[in-house]
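Please read the structure below before turning to the comments.
The values are calculated or read from the model by the stated rules, or taken from the named source; none is laboratory data. Small disclaimer: the values here were computed from a predicted structure and weren't measured. A quick note on method: Cβ atoms are made from the backbone with ideal geometry, for glycine too, and the neighbour counts reach across all protein chains shown.
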Amino acid sequence: MRSGDWIIIASIAGLIVVAGFFAMAETALTRINRIKAITLAEEGRRGAGLLVRLAEHTERFLNPVLFLVLICHLAAGTLLGLVTERYKATGLIIGLIVEAVVIFVLAEAAPKTWAIQHTERAALLSAPIVSAIASFPPVRLLASGLIGLANVILPGRGLKQGPFVSEEELLATVDVALEDEIIEREERALIHSIIEFGDTVAREVMVPRPDMVAVEGGGMVGDVMEVAIAAGYSRIPVFEQGIDDIIGVVYTKDLMRAEREGRTGEPVRQLVRDAHFVPETKRVNELMREMQHEKFHMAIVVDEYGGTAGLVTLEDLIEELVGEIVDEFDVEEAQIERLPGGIYRVNARMPIDEVNDLLHANLPTGDWDTIGGLLFSLLGHVPAEGEAAEVDGHRLAAEKVQGRRIGRVRIEARPEEQSVAEVS
């Protein structure tokens, strides 16, 4: 072997090392997301600041790194060909073996595997060098020029703007974290509630119109005080001509003060405070911010025609996040009862999405929000007790009917799923 061949072999070895480093950097940096990089920066890890900038703009470093890896492989292969060309066929075979084995193992498989096993360490180690090279004008311009050439052949506009993670992917990540025992079941439920909170509207959490406790403006303070004590509420809507004509809200503390002052015979309309009105479609996260900013705890929900649809309180919004809040004066009615044979008895006001989560079912959604609303839609009329309909392989029966209202629904899984609802 000639003396000059050793210099070429040393150059090949150097190129393999450089290619291996950039292969490691590519794998590590693409596996580190922005949130993880920010976490490392908050921990004070060295190089994490540069890592955050790289994670925010992946496209700025990825193309130069891939370009340099390719250049190293091509250069190493070319130099290896110069050494083996004099050996003709034997040299060709040796060159192919070296390229296929040595370059693949040392410049691809080994560094990338190590980067997967030690992602944080590899990312922090490579971030400063990659950041410097990606900012080096000749490399950046040459890589950008070649990408532009590629776009001439196959037009492209680069990476689309985010978000790169959907709600479904985020919820799936939380579920995996629960399975891996990284978070507790209660934490998983809270995270799900927070994410779903932004998609919830006032109609889904309000106390519906038939369940509202309201008083007439001409009612006497003493009588309204009795209503407030019996209901256990601190605020009660006040109306004039009817429930669609709400003029304000009376506070129980104002009633108590008036009663102590001997004003029990006065009409309650003299004590009302301004009511806040919101549409059915108002998102509850916006409503909660308004309640916090404007310091009110109750809002009257109105439909598209201006009629009263229900009312929503700050407690209703908080319960949407953390679950039911029951104090010592509440008479709690079970929302769900599990009966023998895999049968469930649920409150008709239970939201469809919660029923689907409970049964791992896919009951249809539509203009209704509750399981009672679904049964009404399937039947097309006010049901008698015991009347049922079948949908998505489940039999829904109106177990309790109060006037024109369904109180409880009995849900039973059927052996054969039916794609078309049948009314029994």
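Counting the residues of region 166-222 that are in a loop (DSSP other than H, G, I, E, B) and surrounded by fewer than 13 Cβ atoms within 10 Å (Cβ to Cβ) gives 8. Among helices (runs of 4 or more DSSP H) entirely within region 56-127, having at least 3 residues that are in the same structural domain as ILE12 (by TED's automatic domain parsing) and surrounded by 17 or more Cβ atoms within 10 Å (Cβ to Cβ) singles out 58-84, 110-117. For region 278-308, a residue qualifies if it is in contact (Cβ under 8 Å) with a residue 40 or more places away in the chain and in a helix (DSSP H, G or I), and the qualifying residues are VAL284, ASN285, LEU287.
For region 223-243, the candidate set comprises residues that are over 23 Å from ALA309 (Cβ atoms) and among the charged types (D, E, K, R); within that set, the residue that is surrounded by the fewest Cβ atoms within 10 Å (Cβ to Cβ) is GLU226. When SER135, SER131, SER144 are checked against the criterion of being of a type outside the set (Lys, Arg), modelled with pLDDT of 80 or more and in the same structural domain as GLY20 (by TED's automatic domain parsing), SER131 stands alone in meeting it. Please enumerate the residues belonging to region 278-328 that are buried (at least 18 other Cβ atoms within 10 Å of the Cβ) and β-branched (Val, Ile, Thr). Matches in region 278-328: VAL278, VAL284, ILE300, VAL301, VAL302, THR308, VAL312, THR313. Could you give me the residue pairs with C-beta distances under 8 Å whose first residue belongs to region 219-230 and is assigned by TED's automatic domain parsing to the domain that holds MET256 and free of Cβ contacts under 8 Å to residues at least 12 places away in the same chain, whose second residue is surrounded by 18 or more Cβ atoms within 10 Å (Cβ to Cβ) and assigned to a loop (DSSP other than H, G, I, E, B) wherever it lies, and which are 6+ apart or on separate chains? Within 8 Å, no pair qualifies.
Exactly one residue among LEU106, LEU92, LEU125, LEU96 is aliphatic (A, V, I, L, M), modelled with pLDDT under 80 and closer than 21 Å to ALA23 by Cβ, and that residue is LEU96. Scanning region 239-255 for residues that are among the charged types (D, E, K, R) and touching a Gly at 6+ places or on another chain (Cβ under 7 Å) yields GLU240, ASP244.
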